[in-house]
1. Looking at the chain as a GNM with Cα springs under 10 Å, which of THR218, THR284, THR117 has the largest mean-square fluctuation?
2. Which order do peptides 14-25, 222-233 fall in by mean Cβ count within 10 Å, highest first?
3. Return the distance in nm (one decimal) between the two label points of a simple spin-label model at TYR53 and HIS230, each offset 7 Å from Cα along Cα→Cβ.
4. Stretched out fully, how many nm does the piece from THR187 to ASP304 gain, at 0.36 nm a residue minus the Cα gap?
5. Give me the net charge for the shell around SER31: Cβ to Cβ below 15 angstrom, other residues only, Lys and Arg +1, Asp and Glu -1.
6. Residue-wise, which Karplus ³J(HN,Hα) couplings in Hz belong to segment 142-147, taking 6.51 cos²θ - 1.76 cosθ + 1.60, θ = phi - 60°, and x for glycine or proline?
7. Cross-link candidates for LYS84: which lysines have Cα within less than 18 Å, leaving aside residues fewer than 8 places away along the same chain?
8. Compute for segment 134-179: radius of gyration divided by Kirkwood radius, i.e. Rg/Rh, restricted to C-alpha atoms, rounded to two decimals.
Amino acid sequence: MTTTTTSLAEEILELKKERRAVILAHHYQESEIQELADVIGDSLELSRKAQQYDGDVIAFCGVWFMAETAKILNPDRTVIVPDKDAGCSLVDSCPVEQVRAFKHRYPDHVVVAYINTSAAVKAESDIICTSRNAVQVVQSIPADKPILFLPDINLGNYVKKETGRENIRIWQGACIVHATFAARKLTQARAEHPNALVAAHPECPPDVLKMADYIGSTSGIIDWCVTHSHDEFIVMTESGVQHSLHRRAPGKKFYFVHNENCNCSECPYMKRNSLEKLRDCLQTLEPRMELSREIMERARRPIDAMLALK
């Protein structure tokens, strides 16, 4: 760390103590934020682990919908974020008004909402899923029940393929990072690293997933790469996972494929957060997540329905 970074880190840790706060960091955050976090993980995983900590404040270093979920699961605690404009293309692709219109037209459909949705959309849903358990969630629904899966088209198509469900409608949303990974670039990476295995997130396009040795959530990818006997991997997800991969498996090699949007594999929303913004939000307790009790209660029900699955 530079002197400035060290000073900021010290300020943050002091403020964390004063505010009785827990710092949560998604795997896609910058390394210096992850190094200060009490917990590093996927979005729902972080919100649930926050329940295990005492304290008054949850500082969620991720994107806005994740802070909403943290508030839903921790309704009596103050939830703050470093940058309110840290959004998500999947959330943007799925306005609650359109979901309500679909439900009005097709009231017989079971609405399965990916965790990457707004609190308002969760409140309109029957059950939530994550990239780790999406297949299991869909399999839990009676075969004769038609399903609306939202909002990620690639995850939806992956689930449809794995479950064999034909009566599933899939929303047309996509992650701006995963959806722009190109199969031709993965082919090139495999040629450059012929001994490497491929781990891919199910939000990637189908032609990328066909080449994967493992398909799973961000935490699943990390666990698989760390515990596998192999020592070289091409990782098809956001490059922030390098922090956990190198920390947990320092002797292994990890390669990342650049997507079509930029010469990188980074989420621009996740990278809006910084140490300066984290310090500021702990000082001011703003931006603060505020949700109505009604929305929190309605959004909690489909989350509980998922958590009830064995």
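Bear in mind these aren't lab numbers, they're just calculated from the coordinates by the rules spelled out. Every value quoted in this text rests on a predicted model; they were computed, and no experiment measured them. Reconstructed Cβ throughout: ideal geometry from the backbone, glycine too, with neighbour counts over all protein chains shown.
1. In this elastic network of the chain, the residue with the biggest mean-square fluctuation among THR218, THR284, THR117 is THR284.
2. Highest-to-lowest ranking by the protection proxy: 14-25, 222-233.
3. Roughly 3.4 nm, to one decimal.
4. The span from THR187 to ASP304 would gain 38.1 nm if fully extended.
5. After counting each charged neighbour, the total is -2.
6. x, 4, 8, 8, x, 10
7. LYS71, LYS271, LYS277
8. 0.97
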